[in-house]
Structures are given as structure tokens and as C-alpha cells.
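First up is the structure itself, then whatever we jot down about it.
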Amino acid sequence: MLVDMDNLATRYNSLSLLKMKMLTEAAVQRFLRLYERSFQLMKGPFRTVEANNGMDNMTVNELVDSFTLGIYGQQVTQLHAIMTLIALAGRGQSVNGGNYQIFENMIKASSAKLKMNQTVTKIIKNMEDGKWTVTTAESSNKYDIVILATPPHQSNITLISKNLQ
């Protein structure tokens, strides 16, 4: 499907499209500085970033959402800002060797413990201590933070919020 700015401008607010383009270009520039010590990661969902940059709801709900659904299988409201901006950057922008390096380096910089190739069956949020219990076929462990990198509705993971009073 070929989409040009004239076609988009007939449906979406031109100012929002310009702001989306400027926000994406700024994000790409930050990605290019990913390995610099001073790089500050965007925190939070794209909805927060979008609200702070003046994009209207129609542009986000229809246009940006279509990009994130097509690439990640998730709506824009479910994604972190950095993932949404990578989707908006499109094929024209990439990191030499692959965009996956962005996330690999984020994990390295955080000193987080990454566990891969394990099938998670259950995730329980303990409201009393704020910890997450993650259960796999092999084990059950507690974590401070859990990142669910799959569309929840397409997984076979049981999600439970538990108040242990």
C-alpha cells in the first residue's frame, strides 16, 4: 500500500502529522546516540509522549495504532514509547546490524537478568510486597519487574493480581 502525505493530510490533522514526523525524527536522532553515556531513555507509554508533543487523538488512534498493530500486534496504548517510535521510524531508519541491538544494549545497560527460551505459564503480582512471581515449567521465581513481550491475549499465560493480607 502506497501512502503519501497528501492522502494522509486529507484525513488527519496536518499539524499532527508534522508533529509525528518531527517526534519520530528526534527519536531516531536519540537512537543514533544510543551508545553515548548521556542518552536518556524515554520512559512510559507512547500516549504520554504523544500528549506532551501535541498530536491529536485521531492521528494516534488510527494512524499510529495501525503501525504498531502491524509491526508488534499491539495497540499503541499497550506499548512503551520507544517501541512506538521505532515503528514510526519505518524501514528508512535502522541501526547497522539490526534494530534488535537497541533492546539488547538497553538490557546490558540495566544489568537486568534476562531469561530466554522458557515458557511462562503464570505471572502473579503480589500487591503486598510489589513483587512479581513468574512460574515456568522448570521453576517459580520472584522479580521486581517483569516485561511481558508478547500480546497478552495471544499467550497462554495466566495473569493474576494477588493481595495477600
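One line per residue, one yes/no per condition, for (1) at pLDDT 75 or above; (2) assigned to a helix (DSSP H, G or I):
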{"site": "Leu8", "(1), (2)": "no, yes"}
{"site": "Leu17", "(1), (2)": "yes, yes"}
{"site": "Leu23", "(1), (2)": "yes, yes"}
{"site": "Ala27", "(1), (2)": "yes, yes"}
{"site": "Glu36", "(1), (2)": "no, no"}
{"site": "Asn61", "(1), (2)": "yes, yes"}
{"site": "Asp65", "(1), (2)": "yes, yes"}
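Taking the condition exposed (fewer than 11 other Cβ atoms within 10 Å of the Cβ) and modelled with pLDDT of 85 or more, does Gly130 pass? Answer is yes for this residue. Out of curiosity, is Ser94 at pLDDT 80 or above and not aliphatic (A, V, I, L, M)? The answer is no for Ser94. Contact annotation: residue pairs with Cβ atoms under 8 Å, 6 or more positions apart or on different chains, pairing a residue in the stretch 83-112 that is assigned by TED's automatic domain parsing to the domain that holds Gln29 and among the small types (Gly, Ala, Ser) with a partner that is surrounded by 13 or more Cβ atoms within 10 Å (Cβ to Cβ) and modelled with pLDDT under 75, are Ala89/Val28; Ala89/Phe31.
One line per residue, one yes/no per condition, for (1) exposed (fewer than 10 other Cβ atoms within 10 Å of the Cβ); (2) at pLDDT 80 or above; (3) of a type outside the set (Val, Ile, Thr); (4) more than 30 Å from Arg30 (Cα to Cα):
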site	(1), (2), (3), (4)
Ile102	no, no, no, no
Ala112	no, no, yes, no
Thr119	no, yes, no, yes
Lys122	no, yes, yes, yes
Ser139	yes, yes, yes, yes
Lys142	no, yes, yes, yes
His153	yes, no, yes, yes
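Checking each residue in the stretch 97-139 for being in a strand (DSSP E or B) and out of contact with any Lys or Arg (no Cβ under 7 Å at 6 or more places or on another chain) picks out Val120, Thr121, Lys122, Ile123, Val134, Thr136.
The values are calculated or read from the model by the stated rules, or taken from the named source; none is laboratory data. Just so you know, these numbers come straight off a predicted model, no measurement behind them. When we count neighbours, we look across all protein chains shown, and the Cβ atoms used for this are built from the backbone with ideal geometry, even at glycine.
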